[in-house]
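Only one structure is covered here, and it is reproduced in the block below.
The values are calculated or read from the model by the stated rules, or taken from the named source; none is laboratory data. Owing to the predicted nature of the structure, the values given are computational and were not obtained by experimental measurement. When we count neighbours, we look across all protein chains shown, and the Cβ atoms used for this are built from the backbone with ideal geometry, even at glycine.
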Amino acid sequence: MIATSVLLLASALVLAGQSAADGLSFGFQAQQETRQDEEYKNGRKALDAGHWDEAIKAFHAAASKKGADADAALYWRAYAQNRAGRRDEALASIRELRAAYRSSRWIDDAQALEVEIQARSGAPVNPSAESDENLKLIALNSLMQTSPQQALPILEKFLKSNNSPKLKQKALFVLTQSSDPQARKILGDIARGTSNPELQMAAVRYIGMMGNDDARKELASIYASSSDKALKRAILQGFMVSGAKSWLLSVAKSEKDPELRRDAIRQLAISGGQDELWQLYQAETSVEHKQEILKSMYLGGNSQRLIELVRTERDPSLRTAAIKSLGLMGAKGAGDELVSVYRSDQNPEVRRAIVNALFLQGNGKAMVELAKAETNPEVKRELVSRMSTMQTKETTEYMMEILK
């Protein structure tokens with residue numbers, strides 16, 4: 001039901017003239033943008049708006065930095081130059097891309113663009129080309145509903161052509177509306193990397209949005225066969241969107257890369273997999289990994305498990321981490337439990353963490369209780385000092401008692 005609602009909403013966005021990715025990115029776009037510099041992002045915005053000269057300038061700056069997206073910047077610079085009617089410059093940009101990045105996944109797109117430019121050499125620039133593409137997309141969407149077998153080859157060609165990024169993502173969404181095995185194969189091939197990286201990420205997003213078992217298995221297969229860390233992170237987010245807790249748990253248990261493992265644990269928390277996190281915590285032997293799981297318990301608001309760990313965890317650093325999380329959460333009933341632990345645990349770090357947690361909760365009653373029972377003058381002074389800035393009814397009354 002959730003997946004159906006997501007697809008219906010995305011369909012409405014497409015008909016309204018937006019890409020589904022614009023309205024339903026679910027954090028995937030943010031992940032992609034961490035790899036992109038400001039000039040590249042500005043170039044993409046200008047490209048989508050049809051501001052070709054502005055896009056050319058931005059992509060030139062991005063390509064000059066020779067960062068992670070330099071090859072993509074060169075391709076999009078050539079694309080914008082072609083749209084602006086600067087065909088010789090576009091061909092020069094393609095040659096630069098081919099010379100500097102021979103193994104780039106943008107080479108195939110650049111070659112297709114080169115063929116198009118050469119075929120149109122001497123022909124006038126068509127400023128209405130994007131509108132024509134939109135009309136074709138509307139026609140394809142209609143054809144997919146009535147005759148998928150006719151529409152699919154055309155749609156596949158549309159995705160391989162030199163259309164704008166937004167139009168390609170819209171075309172990709174149209175593809176997701178078909179239950180035809182060939183449509184799923186085309187989408188899976190794009191997600192596996194037979195197209196440019198940006199379209200690949202969009203395909204992964206859409207597969208995650210489908211939310212069915214076949215889609216999850218497809219993502220798991222792509223994850224297992226890929227060595228691209230950015231793609232794997234996008235797949236982990238796809239698992240989260242589709243509620244694939246078992247797959248996330250499997251990655252969290254088996255992934256060798258520490259960063260990807262942490263991502264899997266975080267996505268498990270966001271997806272509501274608190275039982276799975278508890279299972280993972282109990283099986284884990286690394287303190288560092290357990291601390292990451294504790295952070296995810298906090299992220300998921302799992303105060304009950306954190307309270308349990310404050311009571312039972314033997315490692316002081318892990319108990320301290322659980323206490324800090326409880327303080328930030330302000331969990332109901334946590335104050336009494338923290339006071340009880342303070343009285344029974346003589347570890348200075350644990351006790352200091354409890355005081356900080358109670359302070360963050362604004363729990364003046366518990367702080368006063370600890371101060372009244374404290375026999376160490378130095379510790380008592382620290383407690384009173386912390387209470388002096390709290391301004392609760394209980395702390396104010398206690399300050400009055402001290403002054404009598």
Picked from the stretch 328-359 (must be closer than 16 Å to Asn302 by Cα and part of a loop (DSSP other than H, G, I, E, B)), the residue modelled with the lowest pLDDT is Ala331
*asked:* Considering only the stretch 245-256, I want to know if a residue exists there that is touching a Phe, Trp or Tyr at 6+ places or on another chain (Cβ under 7 Å) and either of a type in the set (Phe, Trp, Tyr) or in a loop (DSSP other than H, G, I, E, B) (or both).
replied: yes
All conditions in (1) surrounded by fewer than 22 Cβ atoms within 10 Å (Cβ to Cβ); (2) farther than 15 Å from Ala220 by Cα; (3) modelled with pLDDT of 85 or more are true of Ala322 except (1)
Taking the stretch 85-105 and keeping only residues that are at pLDDT below 90, in contact with a helix residue (DSSP H, G or I) (Cβ under 8 Å, 6 or more places away or on another chain) and of a type outside the set (D, E, K, R), one is left with Ser104
**Prompt:** Do the conditions hold for Arg105, that is, is it in contact with a Pro (Cβ under 8 Å, 6 or more places away or on another chain) and more than 17 Å from Asn163 (Cβ to Cβ)?
**Reply:** yes
Considering only helices (runs of 4 or more DSSP H) wholly within the stretch 39-102, the ones with at least 1 residues that are in contact (Cβ under 8 Å) with a residue 60 or more places away in the chain are 70-83
Cβ pairs under 6 Å, 6+ apart or interchain, first in the stretch 161-179 and in contact (Cβ under 8 Å) with a residue 40 or more places away in the chain, second surrounded by fewer than 18 Cβ atoms within 10 Å (Cβ to Cβ) and not in a loop (DSSP other than H, G, I, E, B), ordered by first then second residue, are Asn162/Ala112; Asn162/Glu116; Lys166/Asp48
